[in-house]
């Protein structure tokens, strides 16, 4: 029997969290018994958590920003951030399989003392035209991914520069650091590898008053997402699962 993947979720809105979780399962070709789901907005990290019992760790997105000052974070956001950051020293020290999605690239950057901020490179809700770098073409997670592809995005903060010991895998004009790797097995994406039009419609409705876009733009954004051809990012998630699934 394969060891489960730990899926850490950060969204306090149940419809958004459930939609994201279903997308991770579908796009990663995972069954419920293949994962251990933890909603950090509702519960702490399990006391018995041991990386040796896992195939890998996947961190979902969320409305929080690691670069916000402490006083701007809700108690839930601060608790979630602290929980995920508490895992990062062991993950990076051991080079343990990790895939941080959107919020997860901020977590990795913050852990590595990188420059994560809202100064530049935020992207409105929608699609971003991404391109695979030379290093990315050699990476196993980007196998069968075309040199250019569209991905769903929506974020206020971003890596401002590449942290030390990281490899740049995917770029875009709007946001240079769309995917990076630390060591051999620790990955993070600014885009959402699990997202599809249905999932983004759910998030647009839920987060329309959170400053990502003007609320009156919601219907136009939903139509834009439904018209987009976004399929390549899910290959990255599927490759991560296939590469790191390990037997107990």
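Here the label points at residue 90 and residue 247, each 7 Å from Cα along the C-beta direction, are separated by 2.5 nm in the simple model.
Our estimate of slack between residue 33 and residue 129, defined as 0.36 nm per intervening residue step minus the Cα-Cα distance, is 31.1 nm. Beta bridges per DSSP, both residues in segment 48-192: antiparallel share near 75 percent. Compared with the alpha-carbon gap, the fully stretched path from residue 173 to residue 223 is longer by 15.7 nm at 0.36 nm per residue.
Extension gain, residue 78-residue 137: 0.36 nm per intervening residue step, less the Cα-Cα distance, totals 17.6 nm. Comparing 194, 77, 13 in a Gaussian network model of the chain where C-alpha atoms under 10 Å apart are linked, the largest mean-square fluctuation is found at 13.
Only Cα pairs under 8 Å and 6+ residues apart enter the sum, and on that basis the relative contact order of the chain stands at 24 percent. Taking the DSSP beta bridges with both ends in the chain, the antiparallel portion is around 55 percent. Run the helix sum for the chain: -39,500 (n - 2.57) per DSSP H stretch of 4+ residues, divided by residue count, reported at 222 nm to the nearest 500 deg cm²/dmol. Taking each H run of at least 4 residues, the total per residue is -10000 deg cm²/dmol.
Sorted from fewest to most neighbouring beta carbons within 10 Å, what does the list 207, 103 look like?
Numbers: 207 19, 103 26.
The fewest-first ordering by Cβ neighbours comes to 207, 103.
Normalised by 2.2 N^0.38 Å, where N is the number of residues, the C-alpha radius of gyration of segment 133-248 stands at 1.16. Spin-label model, residue 48/residue 14: points 7 Å from Cα along the beta carbon direction are separated by 2.6 nm.
The calculated FRET efficiency for residue 115 paired with residue 210, based on their beta-carbon distance and R0 = 25 Å, is about 0.60.
FYI, it's all coordinate maths here, none of it is from the lab. As the structure is a computational prediction, the values presented were derived from the model and not from experiment. Note that we place each Cβ from the backbone using ideal geometry, even for glycine, and neighbour counts take in every protein chain shown.
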